[in-house]
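In what follows, a structure is listed as structure tokens, so that the remarks can point back to it.
We did not get these values from a lab; they are worked out from the coordinates using the rules stated. What you see is a predicted model; the values in this text were computed from it and never measured. Glycine gets a Cβ as well: all are built from the backbone with ideal geometry, and neighbour counts include every protein chain shown.
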């Protein structure tokens, strides 16, 4: 992939490549994720931290620490910070080279397909009020990511992923779409948490079995 002369000229896929590249055998540390990507910093960091749960890339053990990091970042957005800060204990968390490569490949495939649909428009998304509103949705989704309940990772992480894309590309229409999905997810997972609380985790397995039977997947799986 060719690289533009400045980070501000980079597409989101190229900025992602910058962030996940590392010359270290240890891999990429979280403190390095938003270096060298210019104004895409906040959005790209949200996107990257949501990646292991949002896309079908096996990355066990990352949802909870990344969910906590996303909570901290959402608080910084609400307070109006212009750059991402993480405590030293989180900044040192690293993404091994093999996992970084898998994340980059999966994300770039998604981003390259969506590039023609995502563009700067309705740039109110970059106002402080809009960023604070999106940050509240990010915080809610990050909390869902940390819950030890099956199926509470992918959908919330995808909402955060889309919000990260919207912020990085100043796409207010995408931000609005992601916000609506986030509100819907809050309602859905409120029901899921209530059912698990009152009936136990087995209710999720029963629901999945019923869904497979309804769709005729039981004959295939």
### Message
Contact order normalised by length for the range 106-200, with contacts defined as Cα pairs under 8 Å and 6 or more residues apart; what percent is it?
### Response
32 percent
### Summary
Applying the gyration tensor rule to the Cα atoms of the range 7-186 (axes a ≥ b ≥ c; rounded if a/c under 1.5, else prolate if a/b exceeds b/c, else oblate), the class is rounded
### Query
Once you put a point 7 Å from the Cα of residue 79 and another 7 Å from the Cα of residue 188, both along the Cβ direction, what distance in nm separates them?
3.3 nm
